[in-house]
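Read the figures in this text as sums done on the coordinates, not as results from a lab. Only a predicted model underlies this, so the values are computations on that prediction, with no experimental measurement involved. Because the Cβ atoms are built from the backbone with ideal geometry, glycine has one as well, and the counts that use them run over all protein chains shown.
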Amino acid sequence: MERITQNVYVETKIRGCNPGIVFTEEGAVFIDTAQWVTYLIDMIKFAKERGPIKYLINTEGHIDHIFGNHWFAKECPVIGHEKLEDIFWTVAGDLDCYDYSIDVLERQDKPGLKLMPSREEYIINKPQITFSDKMSLKVGKHTFKLYHTPGHSESQIAVHIPEEKVVFVGDTVFSDCQIWLHSADIDPLIKSLHFIEELEDVEYIVPGHGPVVKKDYIKKQLAFIYEWIAAVADGIAKGWSQEECIKNISFANHCPVDIGQDEMMEYIQRTNVIKCWKYVQGKNLW
């Protein structure tokens with residue numbers, strides 16, 4: 001794991017989201033969970049060697065962020081936005097979430113298969129503590145400020161730890177990799193990016209995917225979103241149909257897909273065009 005401050009560790013080099021641990025004098029607070037079971041178990045062991053696990057916070061409900069909740073069912077309460085319930089453990093593509101997770105492990109974390117519980121034993125561990133707009137949590141001398149930052153998903157949150165000058169933003173930011181707009185509502189996403197940009201006591205932004213960045217990366221993320229919108233708007237102005245836009249517009253050469261998901265490049269390009277098409281046409285709804 002990468003140690004980014006005195007008490008904050010983040011894993012950015014595995015498939016799935018960037019899970020993190022914040023160590024306080026009372027115990028560890030996890031933010032999101034690793035999608036590879038072997039890494040998840042190692043992170044839990046690493047944390048428990050230093051004390052108890054106090055909380056798990058989910059920044060969103062997509063499977064790569066909440067897959068590991070099962071392993072925290074007997075460890076600590078889970079915290080998330082109240083709308084997390086709407087998409088928690090829903091279908092992941094053509095597979096349900098359990099089969100999707102098994103598929104990921106079979107392809108990329110085979111040792112994790114023997115650590116995976118059966119479908120019947122798997123605990124769908126939804127948040128027990130929820131909030132609507134914002135929430136403040138004190139653990140030891142650390143403050144965890146949770147903000148509703150919708151955009152990538154309706155239940156998206158940011159977790160700001162001012163004492164460490166760190167904010168975990170989930171998939172509101174994809175750094176140095178393809179941005180997924182498939183589930184996004186673009187206007188709230190842009191508003192949330194500006195909100196994060198204006199937070200004080202922030203030196204490090206932990207994105208949902210890609211390396212840890214500084215606050216100035218927000219401008220780069222906004223620029224990429226605007227590039228997508230502009231390209232699709234230009235296509236519409238040329239009289240292209242949605243299918244013609246899908247055929248002719250691609251930012252595949254802009255940057256790679258995040259670790260372990262190369263096969264999703266075509267899906268990202270297609271769904272991003274569709275999302276921006278709806279946005280330009282005034283139909284940007286969840």
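Once each part is reduced to its C-alpha centroid, what is the distance from the range 184-202 to the range 73-104 in angstrom?
So the separation of the two Cα centres works out to 25 Å.
Which value, in debye to the nearest 20, gives the size of the charge dipole of the chain about its Cα centre, when Lys and Arg are +1 and Asp and Glu are -1 at the Cβ? Could the numbers behind the result be given before it?
Numbers: 30 positive and 43 negative charges, 71 e Å.
With Lys and Arg at +1 and Asp and Glu at -1, about 340 debye.
Loop-only check: which trypsin sites (Lys or Arg not before Pro) in the range 68-127 are DSSP coil with at most 16 other Cβ within 10 angstrom? Intermediate values should be presented prior to the final figure.
On the way: sites: Lys74, Lys83, Arg107, Lys114, Arg119; in loops: Lys74, Arg119.
Loop-located and lightly packed - Lys74, Arg119.
May I ask you to work out the translational diffusion coefficient for the range 224-280 at 25 °C, viscosity 0.890 mPa s, via Stokes-Einstein with Rh from the Kirkwood sum over Cα pairs, reported in whole µm²/s? Walk me through the numbers on the way to the answer.
Values: Rh = 11.5 Å.
Estimated via Stokes-Einstein, D reaches 213 µm²/s.
Return the single residue from Asp176, Asp262, Asp32 with maximal mean-square fluctuation; model: Gaussian network over the chain, springs between Cα atoms under 10 Å.
Ranking Asp176, Asp262, Asp32 by mean-square fluctuation puts Asp262 first.
What residues qualify as long-range amide H neighbours of Glu2, i.e. H under 5 Å apart, gap of 5 or more or another chain, H built at 1.01 Å from N?
Placed amide hydrogens put Val10, Glu11, Thr12 under 5 Å from Glu2.
Could you please report the charge total around Ser153, scoring K, R as +1 and D, E as -1 over all other residues with beta-carbon less than 11 angstrom from its beta-carbon?
Numbers: positive: Lys83; negative: Glu60, Asp86, Glu154, Asp171, Asp185.
Charge balance in the 11 Å sphere: -4.
Given labels modelled 7 Å from the Cα in the Cβ direction, how far is it in nm from Ala233 to Thr130?
In this crude label model, Ala233 to Thr130 measures out at 3.6 nm.
Would you work out the relative contact order for the range 189-273, in percent, from Cα pairs under 8 angstrom that are 6 or more residues apart?
Numbers: 45 pairs, mean separation 19.0, N = 85.
Relative contact order here is 22 percent.
For a quick check: sort Asp86, Asp216, Asp109 by the number of other beta carbons within 10 angstrom, fewest at the front.
Values: Asp86 13, Asp216 9, Asp109 23.
Arranged by neighbour count, lowest to highest, Asp86, Asp216, Asp109 become Asp216, Asp86, Asp109.
By Kyte-Doolittle mean hydropathy of at least 0.5 and Cα axial length of at least 15 Å, which whole DSSP H helices of the chain are selected?
Helices passing the filter in the chain: 37-48, 217-237.
Which value at 222 nm does the chain reach when only helices count, each DSSP H run of 4 or more adding -39,500 (n - 2.57), with the total divided by all residues and rounded to the nearest 500 deg cm²/dmol?
Values: 7 runs with 85 residues, N = 286.
Calculated mean residue ellipticity at 222 nm is -9500 deg cm²/dmol.
Just want to confirm a number: the relative contact order over the range 137-212, from Cα pairs under 8 angstrom separated by 6+ residues, in percent.
Working: 138 pairs, mean separation 25.6, N = 76.
Rounded, it is 34 percent for the range 137-212.
Could you line up Ser136, Ser101 from fewest to most neighbouring Cβ atoms inside 10 Å? Kindly include the intermediate steps, with their values, before the conclusion.
Numbers: Ser136 11, Ser101 23.
The fewest-first ordering by Cβ neighbours comes to Ser136, Ser101.
Considering the convex hull of the alpha carbon atoms of the chain, report its projected area averaged over all viewing directions, in nm², one decimal. Before the final figure, lay out the partial values.
Numbers: hull surface 56.7 nm².
Approximately 14.2 nm², given one-decimal rounding.
When the label point is put 7 Å from the Cα of Glu120 along its Cα-to-beta-carbon vector, which residues of the range 67-99 have a backbone N closer than 19 Å?
98-99
Rounded if a/c is under 1.5, else prolate if a/b beats b/c, else oblate: with a ≥ b ≥ c from the C-alpha gyration tensor eigenvalues square-rooted, which is the range 123-220? Please list the in-between numbers first.
On the way: a/c = 1.64, a/b = 1.14, b/c = 1.44.
Because a/c hits 1.5 or more and a/b fails to exceed b/c, the range 123-220 counts as oblate.
What percent do you get for the relative contact order of the chain when only Cα pairs under 8 Å and 6+ apart count? List each step's numbers first, then the result.
Values: 543 pairs, mean separation 44.6, N = 286.
Dividing the mean separation by the residue count of the chain yields 16 percent.
Rank Ala230, Ala47, Trp180 by how far each Cα sits towards the positive end of the charge dipole of the chain (+1 on Lys, Arg Cβ; -1 on Asp, Glu Cβ) and give me just the farthest.
Of the listed residues, the answer is Ala47.
For the range 252-263, in order, what is each residue's ³J(HN,Hα) by Karplus, 6.51 cos²θ - 1.76 cosθ + 1.60 with θ = phi - 60°, in whole Hz (x at glycine and Pro)?
4, 8, 5, 5, x, 6, 4, 3, x, 10, 3, 5
Charges at C-beta only: +1 for Lys and Arg, -1 for Asp and Glu. How large is the resulting dipole of the range 224-280 about its Cα centre, in Debye rounded to 20?
Details: 5 positive and 8 negative charges, 56 e Å.
Result for the range 224-280 is approximately 260 debye, rounded to the nearest 20.
Using the reciprocal of the averaged 1/r over all distinct C-alpha pairs, how large is the Kirkwood radius of the range 37-123 in Å?
Numbers: mean 1/r = 0.0718 Å⁻¹.
Mean inverse Cα-Cα distance, inverted, gives 13.9 Å.
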